[in-house]
1. Check every one of the helices (runs of 4 or more DSSP H) wholly within segment B:159-272 and list those with 1 or more residues that are at pLDDT below 75 and on the phi < 0 side of the Ramachandran plot.
2. Check whether at least one residue in segment B:468-478 is surrounded by fewer than 16 Cβ atoms within 10 Å (Cβ to Cβ) and either farther than 29 Å from residue B:537 by Cα or out of contact with any helix residue (DSSP H, G or I) (no Cβ under 7 Å at 6 or more places or on another chain) (or both), and report yes or no.
3. Of everything in segment B:388-408, what is crowded, with 21+ Cβ neighbours inside 10 Å and either closer than 24 Å to residue B:313 by Cα or not assigned by TED's automatic domain parsing to the domain that holds residue B:334 (or both)? Give them in sequence order.
4. If residue B:231 satisfies all but one of (1) free of Cβ contacts under 8 Å to residues at least 24 places away in the same chain; (2) touching a helix residue (DSSP H, G or I) at 6+ places or on another chain (Cβ under 9 Å); (3) farther than 20 Å from residue B:266 by Cβ, what's the number of the condition it fails?
5. In this structure, is residue B:542 modelled with pLDDT under 90, within 27 Å of residue B:460 (Cα to Cα) and buried (at least 17 other Cβ atoms within 10 Å of the Cβ)?
6. Being outside any helix (DSSP H, G or I), at the interface with chain A (Cβ under 10 Å from one of its Cβ atoms) and either under 33 Å from the mean Cα position of the chain (by Cα) or farther than 26 Å from residue B:617 by Cβ (or both) is the filter here; which residues of segment B:12-39 pass it?
7. Just one of B:69, B:73 is without any contact (Cβ under 8 Å) to a residue 24 or more places away in the chain and either under 35 Å from the mean Cα position of the chain (by Cα) or more than 14 Å from chain A (Cβ to nearest Cβ) (or both); which is it?
8. Tell me which of these residue B:334 doesn't satisfy, since it passes every other one: (1) under 27 Å from residue B:398 (Cα atoms); (2) free of Cβ contacts under 8 Å to residues at least 40 places away in the same chain.
């Protein structure tokens, strides 16, 4: 804790690459607890990876959209595919239908994709479905590159859905998957299991959940972040 | 970077008008720049009187109401559901929003920037015209002028529709043309031709490229005369080189080639040159078959028909022609002219045949002549598909002692004619509005009295008759009788404002529905119904309004509803725009009814909104506005409030 505080006082370490310095400085005074949710920029994103093991597996693609003031601008979305050399484990191929190199050849290295993402989201609030995993994947890559982690605020749509349902996540097993929620909230599920497709679906879900929370008096970022997470 | 999300938007948009009229690349570019907006119930997207915004909108899911606010009250004008475009005013006009858009269900809305889209309009007149035509009177005049009313049939239907006129039909027939190699003997070739029952054989090389052609005419003139031996190779009598054409050739092209080369067979090859493989043969006979459905030819053939069955056959061929015209979006003025020419000729021939039959049966033709009148839709020259027959007969005034035999003769004739018309496929009129009914087979004097009675003593029943009888049109016989009747009517109608009031009231009986929403017809009361009666709810109100107005203007001889509106536009410049919209609306409705009728093999009158594509719903819905405005014009002009 103390160390973090000192680090902050000293500013970004000079040996950080440019993109990371810009990333860190983007956090200066943008968001506060009282910021109305309409003014908050949310980056809703999803990653597809070769597997579920954060240590071994690699990112295949990152998709992200920005939600701000109940609106997604398609001219500003992120849709990156990574060149693959790592041989994936069979089970993930079954889920995502992605064969590295087969579905989309990818035109960048994993770390390039992650840098694109970092530049894209800057200080935004990160939103995803079971977002912890996606953030870990990104962090793993960042760790290898510069020994750093994302510091953004984050929201999990599964947790928000449980909050809207006024239940704890463990009380409603099976109902918080993205498929189940899409069904519940009438969201068409085309392009499932592409990072960008899932990011878009999650963004629509996020807006619908946010609208329900707003009805219950959630008007500021502080009120939004206060909810339980898991 | 990939395009996963815009592609999803693209996939949605391409299903809905007007985006389905755009090319892939253009639509993809639009999709890449779209804003996806989440809208909550009761949210107002724009308000009546607001300055024009920067975007137009498409409902992705949910529902948005368009409201007109008058004296603090909100009147619902439109319900938009999935795929509906709204808020296009900033695109076409620079004035403020005329309506308020209010969200009624949780909605996702796609917003497209006006600036970028305006450029798209410049390059895609069909889209511009579509948007302008979906827009109520007064706006987008610039675009509206550019085209005729259209159904904007989807592309796949247009392709289907290319069937009869062009090559396809004849190519089918001549698939697998009969061919032989150059060393085949004449005797063998002749045997092949007779086995296949064909009039020609193409001589081809090993690669199946055409070398020459031999027709039965060659066999007759060169072999049968003994000039050439049957044992010679076929090359001895073949014509060479062969005139070749490509597979996509029009009838006109074929005709030109045949006339130019003085030949009656053309060879179809893969690329149209003699250097590629033979894929078919076209003979002059094939051409005649294809051309069989040309209106002039049909009309000529009618005169050769000897009974109802033959006449029916012609009418069915005319329907094929109709189908082609409808699918190719030929102007309705042309279609209705052609179809009523055919109808008139069929009726005329039916009368001629029946008169001849009467002669044969020994009935003396009366000295008083007659005129056969078509009523209702045929009277208005609007009968595209066969519906009920409505007709009447006028005969010349006769001395009292001759009345009974004269009327007796014409009733008998009318009975025969209506029977033949029935055979052709025009159903008997359930209301007995036929010349075979003694009440509608009258002398000129009686007709004048009848119309006077209707006009001076209007009653709901009289008005009902008037709506049918006033659209009379002479088809056969002494047309001056019909002219005299018309003169009489205009003479007496002068001071009879009350009668016109009755007619106007009748024209307002059936207000159009408000709109279509999802699979329902939405009434102005908010009620939802699942069946739409295009005749009663949209066409008749227009036809009835046109009739009152044209009678009031004392213009005879124009029976066609859209022509009546065109005439009215000329006569009343201040209502020109409304009348033009009404004419367009009527044309769209006629087209749509014919289309439904051809599709469902019925009169096309009733259908369920779920049968309609988005484009079709929008097209139909747009016809409702001029109907409403016309009805309110009638209400003011004839002060209908007093008559109620």
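The values are calculated or read from the model by the stated rules, or taken from the named source; none is laboratory data. Note that this is a predicted model, so its numbers are computed, not measured. Heads up, the Cβs are rebuilt from the backbone with ideal geometry, glycines too, and the neighbour counts pull from every protein chain shown.
1. B:168-173, B:251-261
2. Checked against the condition, which is being surrounded by fewer than 16 Cβ atoms within 10 Å (Cβ to Cβ) and either farther than 29 Å from residue B:537 by Cα or out of contact with any helix residue (DSSP H, G or I) (no Cβ under 7 Å at 6 or more places or on another chain) (or both), segment B:468-478 yields no hits at all.
3. Passing the criteria: B:389, B:390, B:391.
4. The single condition residue B:231 does not satisfy is (1).
5. Taking the combined requirement at face value, the residue does not satisfy it.
6. Correct list: B:33 only.
7. Answer to the selection: B:73.
8. (1)
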